[in-house]
Amino acid sequence: MKNPTAAIRLSTGGTIRLELYPEIAPHAVTSFLYLAQRRVFDGFPIERIVPGWVVDVTYHAFQKPEACYFIPNDAKSGRYLDAVFGTVGLGGYGAPDIAGGEFFFPLADCPAITGKYPIFGKVVGGLDELRRLEQAETVPVSYPGMPDVKINTPVVPVYLEEVTVETFGVEYGEPERLHGVEKPHFWPAIWR
């Protein structure tokens with residue numbers, strides 16, 4: 001069986017292509033595919049770039065209520081990939097809490113997040129796009145409620161024009177949502 005793939009077309013004209021690993025991170029892959037197929041990512045500006053560390057696509061659940069959920073943390077299974085340049089992972093807000101769709105790209109080896117956040121795929125095309133994003137001029141903005149967290153937003157917004165996926169005929173279904181997890185106060189008001 002072939003692994004699912006994704007293509008992230010950017011407003012810069014570039015494309016980042018991914019191979020996803022459901023055998024390593026089944027919850028993360030299912031959630032990413034679910035949101036991509038519902039066009040949740042399309043038209044969203046990349047929110048955070050930290051040169052030498054990470055391109056964090058969003059920390060606001062894409063400002064869309066349908067992305068406001070948490071899933072089980074695949075990394076807690078003990079089977080996980082290292083967070084290094086050329087991979088893609090899902091982020092969250094504390095040890096067990098993995099947001100359903102808040103994905104990021106490490107820009108370097110990130111041992112502090114390896115095994116904490118699930119790495120669910122690798123970049124198979126467009127590494128140069130990540131390096132271009134890393135060089136984008138940014139402006140600091142405050143992270144809601146956490147003044148020590150550094151957020152740098154591109155001065156000229158870079159949008160995810162369209163995220164398409166190929167599952168090669170495999171149905172991945174809906175993500176398994178965790179219940180009873182407190183939502184971040186800066187997510188959209190509607191909570192599922």
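The values are calculated or read from the model by the stated rules, or taken from the named source; none is laboratory data. Source: prediction; values computed, not measured. Every residue, glycine among them, receives a Cβ derived from its backbone with ideal geometry; neighbour counts consider all protein chains shown.
Residues that are within 23 Å of CYS110 (Cβ to Cβ), buried (at least 22 other Cβ atoms within 10 Å of the Cβ) and touching a helix residue (DSSP H, G or I) at 6+ places or on another chain (Cβ under 8 Å) do occur in the range 38-45. What is the residue count in the range 1-33 for residues that are of a type outside the set (A, V, I, L, M, F, W, C), crowded, with 21+ Cβ neighbours inside 10 Å and not in a loop (DSSP other than H, G, I, E, B)? Residues that pass the stated criteria total 3.
Residues checked against (1) in contact with a strand residue (DSSP E or B) (Cβ under 6 Å, 6 or more places away or on another chain); (2) under 18 Å from VAL54 (Cβ atoms):
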{"position": "VAL88", "(1), (2)": "yes, yes"}
{"position": "TYR117", "(1), (2)": "yes, yes"}
{"position": "ASP128", "(1), (2)": "no, yes"}
{"position": "PRO147", "(1), (2)": "no, no"}
{"position": "THR153", "(1), (2)": "yes, yes"}
{"position": "GLU162", "(1), (2)": "yes, no"}
{"position": "GLU171", "(1), (2)": "no, no"}
{"position": "GLU174", "(1), (2)": "no, no"}
{"position": "TRP187", "(1), (2)": "no, no"}
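Being aliphatic (A, V, I, L, M) and either without any contact (Cβ under 8 Å) to a residue 40 or more places away in the chain or not in a loop (DSSP other than H, G, I, E, B) (or both) is the filter here, so list the residues in the range 101-120 that pass it. If the condition is that a residue be aliphatic (A, V, I, L, M) and either without any contact (Cβ under 8 Å) to a residue 40 or more places away in the chain or not in a loop (DSSP other than H, G, I, E, B) (or both), then ALA112, ILE113, ILE119 are the ones that fit. The residue list VAL124, VAL163, VAL170 contains one member that is closer than 21 Å to PHE41 by Cβ and buried (at least 19 other Cβ atoms within 10 Å of the Cβ), which is VAL163. Restricting attention to the range 87-100, does a residue exist that is in a loop (DSSP other than H, G, I, E, B) and either touching a Cys at 6+ places or on another chain (Cβ under 8 Å) or modelled with pLDDT of 95 or more (or both)? Checked against the condition, which is being in a loop (DSSP other than H, G, I, E, B) and either touching a Cys at 6+ places or on another chain (Cβ under 8 Å) or modelled with pLDDT of 95 or more (or both), the range 87-100 yields no hits at all.
When TYR172 is tested against (1) within 15 Å of TYR59 (Cβ to Cβ); (2) over 17 Å from the mean Cα position of the chain (by Cα); (3) part of a loop (DSSP other than H, G, I, E, B), just one condition goes unmet, and that condition is (1).
Just need a number here: residues in the range 67-86 that are among the β-branched types (Val, Ile, Thr) and either assigned to a loop (DSSP other than H, G, I, E, B) or surrounded by fewer than 21 Cβ atoms within 10 Å (Cβ to Cβ) (or both).
Qualifying residue count, the range 67-86: 1.
VAL141 falls short on exactly one of the conditions (1) under 17 Å from GLN63 (Cβ atoms); (2) hydrophobic (A, V, I, L, M, F, W, C); (3) surrounded by 13 or more Cβ atoms within 10 Å (Cβ to Cβ), and that condition is (3). Counting the residues of the range 58-85 that are under 19 Å from VAL158 (Cβ atoms) and at pLDDT 95 or above gives 1.
From the list LEU160, LEU130, the one residue that fits, being closer than 23 Å to PRO106 by Cβ, modelled with pLDDT of 95 or more, not in a strand (DSSP E or B) and not basic (Lys, Arg), is LEU130.
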